[in-house]
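Everything below concerns the one structure shown next.
Every number here is computed from the coordinates shown, using simple stated rules; none is lab data. Just so it is clear, the model here is predicted, and its values are computed rather than measured. Cβ: placed from backbone, ideal geometry, glycine included. Neighbour counts: every protein chain shown.
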Amino acid sequence: MKDQKNEKKDENTNPDDKKQIVEIKDKSLKKKKTRCSFCNKKTGLVSFTCDCGGVFCSAHLNAHSHNCCLLMKKKDERQKELKENNPKINFQKLEVI
């Protein structure tokens, strides 16, 4: 008698509910699409990773196009190197003959 009641309850469940549960499980199993860290555009098959750790689309693959934090560090290092390697020279005025 109890088994018959349980079967009736299973028959009374909405088939749409079962489909929704399956769809939710399928969505959770899908891989997330990679997106550009700058414009949030889907990158698809072609994506570029930068040294700063971001993934970018073809429009933002260059460091200057996505405001890379490493670009500023590199610029500062280069400026320091130039200052050290090229000291400022003070020229004295030429004497008029």
Charge tally for neighbours of Cys68 with beta carbon under 15 Å away, counting Lys, Arg as +1 and Asp, Glu as -1, is +1
Ordering 80-91, 39-50, 58-69 by per-residue average of other C-beta atoms within 10 angstrom, highest first, gives 58-69, 39-50, 80-91
The set of residues whose placed amide H lies less than 5 Å from the amide H of Arg35, leaving out same-chain residues fewer than 5 positions away, is Thr43
Between Lys32 and Asn90, the two model label points (7 Å from Cα along the beta-carbon direction) sit apart by a distance in nm of 6.0 nm
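Cα-based count: Lys pairs in segment 33-96 below 21 Å, eight or more positions apart or different chains? Before the final figure, lay out each step's value.
Values: Lys33/Lys41; Lys33/Lys42; Lys73/Lys83; Lys74/Lys83; Lys75/Lys83; Lys75/Lys88; Lys80/Lys88.
Eligible lysine pairs with Cα atoms under 21 Å apart amount to 7.
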